[in-house]
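So the structure is just underneath, and the comments pick up after that.
Only the coordinates and a few stated rules stand behind these numbers; no lab work does. Since this is a predicted model, take the numbers as computed values, not measurements. When we count neighbours, we look across all protein chains shown, and the Cβ atoms used for this are built from the backbone with ideal geometry, even at glycine.
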Amino acid sequence: MALVTALRRLTHVRLREYTRRTLALTATSGASLTGHRSFTTGTQPLRSDNKVTVHFFNRDGEKITVKGSPGDSLLDVVINEDLDFDGFGACEGTLACSTCHLIFEEEAFKKLGPVTDEEMDMLDLAYGLTDTSRLGCQVCLTKSLEGLVARVPESVADIRQSKDGSS
């Protein structure tokens, strides 16, 4: 019962404050607020201007250049851009496989941040592991990674494939 009373008092106070602010605004502007709408006209850059360019080299050595949003993982970029890397991202970014294994150039690798123990455990299962290997699901884009180059290894460890290579 005390909670109901407290909520009623709070609602009454909030309503009183809203009414007071509305009346003050009407008095200072000299206009009625009926039908009044305010739209912001900020100069925030368009979303496409805020993209980061990434260059992938697929298993055939073909260079594929795409753009991703800061904060997206490289796995997100591959999915969003509908890149056809066979078996890539089998666990959908849950850090339960190594199918999104990517290899980076030394300088780019240094910008990627530390590798977690969980990621290292999954990388241990990857084919073609190098000193500059990372999982695409664990690498998030930032503006400092503009022009990042990532190479998809020639082979992938995907338990969904049988020993004869068929799915």
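Once you order the gyration tensor axes a ≥ b ≥ c over the Cα atoms, which shape class does segment 54-139 get: rounded for a/c under 1.5, otherwise prolate or oblate by comparing a/b with b/c? It is rounded, given that a/c, with a ≥ b ≥ c, falls under 1.5. Dipole magnitude for segment 63-107: computed about the Cα centre from +1 point charges on Lys and Arg Cβ and -1 point charges on Asp and Glu Cβ, it is near 60 debye. For segment 123-131, backbone phi angles converted through the Karplus equation (6.51, -1.76, 1.60; θ = phi - 60°) give residue-by-residue couplings of 4, 4, 8, 7, 6, x, 4, 10, 5 Hz, Gly and Pro being listed as x. At full extension, N50 and E81 could sit 9.5 nm farther apart than now, given 0.36 nm per residue minus the alpha carbon distance.
Between E154 and D117, what length in nm is gained on full extension when 0.36 nm per residue of separation is reduced by their alpha carbon distance? Spell out each step's value before the answer.
On the way: separation 37, 0.36 × 37 = 13.32 nm, distance 2.45 nm.
Using 0.36 nm per residue and subtracting the Cα-Cα distance, I get 10.9 nm.
Close amide H contacts of V115 (hydrogens built in the peptide plane, cut-off under 5 Å, sequence separation of 5 or more or a different chain): none are found.
The label point for I64 and the one for S144, both projected 7 Å from the Cα toward the Cβ, are 2.8 nm apart.
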